[in-house]
Amino acid sequence: MTGGTVLAPLAALVIGTILVLLAEAFLQSENKTPLAVISLATLVIAGIFAGLLWGRGAQAFGGLLRWDDAALFLAFLFLAAGAFAILLGMRFLIQQEMNHGEFYGLMLLAVTGLVIMTATVNLLVVFLGLEVFSVSSYALAGLKRRDERSVESAIKYFLIGSFAGAFIVFGLALLYGGARTLDAPALPAAISSSLALAGLALVICGLAFKIALVPFHMVQPDVYEGAPTPVTAFFVVAPKAAGFVVLLRLLIPYAQDGLKKEAVFSFLAGIAVATMILGNFAALRQRNLKRILAYSSIAQAGYMLIAVVAGDPSGLLFYLTNYLFLGIGAFGAMIALGGPGREALDLDDLAGVGRRYPWIGGIFAVILVSLAGFPPTGGFLAKFYVFSAAVRAGHLILALVGVLTSLVSVYYYLRIVVVMFMKEPDQEPAVDTENPAVYLVLLICLYAVLQLGLFPGNIVTLIRQAAASF
Amino acid sequence: MNAPLLSLITFLPLAGAIVLIFIPREEKRRLYVTAMIFAAAALILSLIMAVRFDGGEAGPQWVERSAWIGYGIHYHLGVDGISLYLVLLTTVLVPLVLLASWSSIRDRIKEYLFFMLLLETGIIGVFLSLNMFLFYVFWEAALLPMYFLIGIWGGKRKVYATTKFVLYTMAGSLLMLVGIFVLQSAFAKATGTFSLNIFDLYRLTLSPAAQTWLFLAFGLAFAIKVPLFPFHTWLPDAHVEAPTGASVLLAAVLLKMGAYGFIRFAFPLFPDAVARFAPGLAVLALIGIIYGGLMALIQKDVKALVAYSSVSHMGLILLAIAAWNLESLEGAIVQMLNHGLSTGMLFLCVGLLYERASTRLIAAFGGVSRKMPVFAGLFLIAVLSSIGLPGLNGFVGEILCFFGVFAANQVWAIIAVTTVILAAAYLLGMFQQVCHGPVKNDRVAGFKDLSLRELAVLVPIVVLMFWLGLFPGTLLRKMDATVARYVSLVKNREKIFVEADRTTAAPNLGGRKNAGNAEGQR
């Protein structure tokens, strides 16, 4: 295979990014639709190139870039997340008076970073991808320049992100010093000194920051709340997926190693328990819709971590796939429900939505119910896979905590449904009915959530293939 | 038997719900007619199923089985003597409930019918599933429509009531979900293959400790649903706030899902634990019988009274299940039907009164029989059926229950008989206050007797009550074989195993051999 095709997906993304940024500079028009079109086309083209590589196990740069099926599957997820975020953003940016063309370029760059991050087993390359993503994500969070919250969000994200980056870099230094390699599969055999183990721990902590696991989650709700909603939708889905996959690549080699397994995995099990409990109970106390969903995304990370602890790659990939549609769908519904010009939504603002706008209310309800884990939606099947894997791996406690915190989550997810369908409004809900792009995204999410819950056969086949490469 | 009869019965209502989406919300009549057509189609198919059902066969019939997700998860439906009549009860009641809702639901009719049909699919699926995963999916899927039915069309405290209902039910069923994972994992360890087929899982021998925990997990889910004392507190709230149609289905069929769960899953899966827990279960059931009856005596709201009477009656059903012999189990199943018919009808009657008076307080009525003689007559039949008057359906079920329980434990039986006395006291007392005496006030004076539509709702139930009361044999014949098999499944566990071993040849104690069966044709 020629080097050209191997690099094609990344090359497409980078070229697209440059095109969008140049077009923004030279295009004097206020209409940014051409930028959106170029970005979407870029994502589609990159997706096609990635599709051509499926099942071929292509490599480049002496194995530093590895397109195993897992990497490609994740690449599809990131491309989709980016495309959804752009669709959600097109009209939102205009309404929020922050119609900056940079949004599109930065979004492409963020996607590129995440793709690099997962398409390798070398931790240094992981770090490279992470930084590409991070730098663009700080700018994305602060895109709404005149809004204090958005700026605060950007600063907090930057601080915590640099912190995490520092953890990882320092960890890598120690690891390399102790183990003489940064290839994840080679690490278990190479790590002999406690110095290298400390390095590994630091890397894991750095990733935990990025995924927003308790206790590394502190500022994430503020970031999620302050960032523009389409960006938040991207943040809760894509970087989480990347972080988890890197974590899994790092830990899978250890799953065979009995002794070390105990220490690392019981540490992670503890974190999973803490994340599930704290995320769900914190969400219980919120009244602001965006904060509820922010904490919910932290809680969901706890469930995903169970899959890592249970050593079940296909369960994790299924959960991530499903959460792509749930996270995007939930924040997308928020955008539609906010109507023109409003971003911060209190629960009470939703009263009467179910009566006036049964379609959007209904779709949002399905997504919430799926987040809570009700069958026959994908959310249930995702939890089913993860919890049953935990029980099979002997982590009964994790499954128990998982279902009990799910019960807590039922309360706050359904509370949103209650307000939409069962409360009478003081004033008419302001729903944006003229945003076809958002509706398109919502319909796709609805379809995907039901498809994943009822007839997951095809996607499960793909996932099994992808999971085999871990 | 080539047509997927059971799938059709299960999913016709769902298809109806989807069709409803595309009908404009202003066209009330078209919405109702569409919903009725699909509900009636399910009814007709289920009648065909009942008539052609072979009572001599103990195993499930019209079995449909196809691969679905993996990990032992199959799409697997079948009907046997236990589920047959519960399905029929559902398909009979739903069209009647829809008919009854014509005048009582004025707001958001489209959504109401949508959720009703969704609910029907969920309930039927619960009774027909032979795969634990599928069962759980339907079990939860039946929960949400009821959540909306109470939450949108309910009374003043509807949000509180419906949230309580969902959280209580979920608390139980989520623990059951973990139980399912444990079963799945235990089966995989024992045989090397995955199976959630209920008949495969019956063959699994678990350690007594594991059985104890699993029985508690499953038992809690079902006990909350039944509801067994002290897990019943959600029921009065839900009933009082729910609209009539939802109340009817809640009492008549949803509660049966709990009792059905005990019969189908909790008891036969964990026979060792049953030996330990059956007496405790019986005591709770007895407390429920008396407590429910006493609470019903002091209620001021007719609907709350009927709700507490449900707690009492379901206590008897559970007691009969705990006794676990042929008579008691058949009694329990028959009584489930009876309770569905009589309590369903009582709720319908209360709903008719409420539509006329906008109140349900017993004290607000009096002399109703003078203004509404036909209604009073039908109402009385429902009351008498609920008390268990010979000649009506209630009697057959109760007497079978008592026989069975008496054979198992005489003290239980003697205490349980109080249910009849209490029921007579609270139901007849209520009936007397509401219907007899002079016309109490102007409101009652303005009551109109039943319309043709309302008669069409009540008369079929009355006919069924007499039919079941006078000719119970037809009913029992079709369930004998299945029930006998389930009785021995718990009582004579070893024997079943020996037989099973012989049929599959190879004298092997579990282990690999079962593997072939698990994924093979059943």
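Brief remarks follow.
- Residue check, A:T112 in a loop (DSSP other than H, G, I, E, B), more than 23 Å from A:V438 (Cα to Cα) and modelled with pLDDT of 90 or more: no
- Considering region B:81-165, the qualifying helices (runs of 4 or more DSSP H), each wholly inside and each with 2 or more residues that are free of Cβ contacts under 8 Å to residues at least 40 places away in the same chain, at negative phi and among the aliphatic types (A, V, I, L, M), run over B:132-141, B:143-153.
- In region B:188-247, counting only helices (runs of 4 or more DSSP H) that sit wholly within it, none holds 3 or more residues that are without any contact (Cβ under 8 Å) to a residue 24 or more places away in the chain, closer than 25 Å to A:L404 by Cα and in contact with a Cys (Cβ under 9 Å, 6 or more places away or on another chain).
- Restricting the search to helices (runs of 4 or more DSSP H) fully inside region B:272-389 and requiring at least 3 residues that are touching a Lys or Arg at 6+ places or on another chain (Cβ under 9 Å) and surrounded by 20 or more Cβ atoms within 10 Å (Cβ to Cβ) gives B:302-323, B:326-357.
For (1) crowded, with 24+ Cβ neighbours inside 10 Å; (2) at pLDDT below 90; (3) on the phi > 0 side of the Ramachandran plot, each residue gets a yes or a no:
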{"residue": "A:F364", "(1), (2), (3)": "yes, no, no"}
{"residue": "A:F380", "(1), (2), (3)": "yes, no, no"}
{"residue": "A:L400", "(1), (2), (3)": "no, no, no"}
{"residue": "A:L407", "(1), (2), (3)": "no, no, no"}
{"residue": "A:P425", "(1), (2), (3)": "no, yes, no"}
{"residue": "A:E428", "(1), (2), (3)": "no, yes, no"}
{"residue": "A:D432", "(1), (2), (3)": "no, yes, no"}
{"residue": "A:Y439", "(1), (2), (3)": "no, no, no"}
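- Residues within region B:155-171 that are surrounded by fewer than 24 Cβ atoms within 10 Å (Cβ to Cβ) and more than 8 Å from chain A (Cβ to nearest Cβ), tallied: 7
- Of note, A:F103 satisfies the criterion of being surrounded by 24 or more Cβ atoms within 10 Å (Cβ to Cβ) and modelled with pLDDT under 95.
- Within the set A:D183, A:D222, the sole residue that is of a type outside the set (V, I, T), modelled with pLDDT of 85 or more, surrounded by fewer than 22 Cβ atoms within 10 Å (Cβ to Cβ) and touching a strand residue (DSSP E or B) at 6+ places or on another chain (Cβ under 7 Å) turns out to be A:D183.
- For region A:315-340, a residue qualifies if it is within 14 Å of A:K383 (Cβ to Cβ) and either at pLDDT below 90 or of a type in the set (S, T, N, Q) (or both), and the qualifying residues are A:T321, A:N322.
- Unique residue being in contact with a strand residue (DSSP E or B) (Cβ under 6 Å, 6 or more places away or on another chain) and away from every other protein chain (no Cβ under 14 Å) when the list is B:V79, B:V97, B:V92: B:V79
- Residue within region A:328-346 that is within 24 Å of B:F181 (Cβ to Cβ) and away from every other protein chain (no Cβ under 11 Å) present: no
- The residues listed here are A:G161, A:G199, A:G171, A:G178; of these, the one that is over 16 Å from A:V264 (Cβ atoms), part of a helix (DSSP H, G or I) and touching a residue at least 12 places away in the same chain (Cβ under 8 Å) is A:G161.
- Where B:A67 falls short, out of the listed (1) touching a Lys or Arg at 6+ places or on another chain (Cβ under 9 Å); (2) outside any helix (DSSP H, G or I): (1)
- Taken together, B:L428, B:L475 contain a single residue that is in a helix (DSSP H, G or I), at pLDDT 50 or above, on the phi < 0 side of the Ramachandran plot and buried (at least 18 other Cβ atoms within 10 Å of the Cβ), which is B:L475.
- Subset of region B:181-193 that is more than 8 Å from every other protein chain (Cβ to nearest Cβ) and β-branched (V, I, T) - its residue that is surrounded by the most Cβ atoms within 10 Å (Cβ to Cβ): B:T191
- Among the conditions (1) among the hydroxyl-bearing types (S, T, Y); (2) more than 21 Å from the chain's Cα centre (by Cα); (3) within 14 Å of chain A (Cβ to nearest Cβ), B:T10 misses just one, which is (2).
The values are calculated or read from the model by the stated rules, or taken from the named source; none is laboratory data. None of these values were measured; they are calculated from a predicted model. All Cβ positions, even for glycine, are placed from backbone atoms using ideal geometry, and neighbour counts span all protein chains on display.
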